[in-house]
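Peer 1: One structure coming up, written as structure tokens, with questions to follow.
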Amino acid sequence: LQHISAGLGGLLVTLVPIATAVWAHFLLADEPFSAKKLGGLVVAFSGVAVLIATGESGTVGGDPLVGVAWSGLGIALASLGGVLSRTYTQRYSVSELAGPQFVVGAGASLIVAEVLGTTAIGSIGAVSWGLLGYLATIGTVLPFIGFLWVVQQTTATRASLIGYLVPLVSLITGAVFLSERLTAAIGVAAVLILVGVVMVDRTDTTRPVVP
């Protein structure tokens, strides 16, 4: 969020279903990546290209290239986690799947924070710890457990489509509470990304089931 606005970051998260479809093609036998899905991938990433080409970060002094790069890494890892979770959902419970991921994720976050030289843990105040606690429980643990339950009920690609709600909420709240700007470039990128994701979704939902 030092390089792009919260709204733009939320918009990029919409790419998770497409990244999930790519991972699923290689890791799940029942979710192949078709030519139609490839078309959706091209359309969606053309939206990302618009953001980079126009230098639009959604915030003053931001760097869209750096912001998109870090967001892309997060999207790739999150979608990989969703696919791997579906691989093991039939053998393990939701709590057994979620627990190790949170422990590893928390440990990795501490290591990365130390490497990047962010705020020392000892200097974090009570209010900040409270906000972190809220983000950890209400904003992370509960939604993630819910996502793992959904993954058990449907395909990995379709489960990732809950990300549709993220850009809508993030763009609106970012503009209202953080005074983030909504430009024409962001609007064009949003349309392209959402159209691409819908193309991938329609391909997944209309694929005939082999008896």
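Peer 1: Under the Karplus relation 6.51 cos²θ - 1.76 cosθ + 1.60, θ = phi - 60°, what is the ordered set of whole-Hz ³J(HN,Hα) values for region 9-21, x standing for Gly and Pro?
Peer 2: x, x, 5, 5, 4, 4, 6, 4, x, 5, 4, 4, 4
Peer 1: Can you tell me the FRET efficiency between Leu84 and Val198 if r is taken as the Cβ-Cβ distance and R0 is 25 Å, rounded to the nearest 0.05?
Peer 2: Approximately 0.50, to the nearest 0.05.
Peer 1: Further, regarding this structure: At 7 Å along the Cα-to-beta-carbon direction for both Thr173 and Ala126, put a label point, then send me their distance in nm to one decimal.
Peer 2: Between Thr173 and Ala126, the simple spin-label model gives 2.5 nm.
Peer 1: Give the calculated FRET efficiency between Trp149 and Ala108 to the nearest 0.05, with a Förster radius of 35 Å applied to their Cβ-Cβ distance.
Peer 2: On the way: r = 24 Å, r/R0 = 0.69.
About 0.90, to the nearest 0.05.
Peer 1: Now a separate question. With θ taken as phi - 60° and the coefficients 6.51, -1.76 and 1.60, list the Karplus ³J(HN,Hα) couplings across region 140-145 in order, rounded to whole Hz; mark glycine and proline as x.
Peer 2: Once rounded to whole Hz, the list reads 10, 4, 4, x, 5, 4.
Peer 1: Residue by residue, what Karplus-based ³J(HN,Hα) values in Hz, rounded to whole numbers, does region 80-91 have, using 6.51, -1.76 and 1.60 with θ = phi - 60° and x for Gly and Pro?
Peer 2: 4, x, x, 5, 5, 4, 5, 4, 10, 5, 7, 10
Peer 1: Could I ask something else about it? Report the extension gain between Ser93 and Leu77 in nm, rounded to one decimal, defined as 0.36 nm multiplied by the number of residues separating them, less their alpha carbon distance.
Peer 2: Details: separation 16, 0.36 × 16 = 5.76 nm, distance 2.13 nm.
Length gained, Ser93 through Leu77: 3.6 nm.
Peer 1: Which length gain, in nm to one decimal place, applies between Leu135 and Val115 when the Cα-Cα distance is subtracted from 0.36 nm times their residue separation? Don't jump to the answer; show the numbers that get you there.
Peer 2: Details: separation 20, 0.36 × 20 = 7.20 nm, distance 2.22 nm.
Taking Leu135 through Val115 to full extension adds about 5.0 nm, to one decimal.
Any read-out appearing in this document is the output of simple, stated calculations on the displayed coordinates, not a laboratory observation. Given the structure is predicted, the values throughout are model-derived calculations rather than measurements. Using ideal geometry, Cβ is built from the backbone for each residue, glycine included, and neighbour counts are taken over all protein chains shown.
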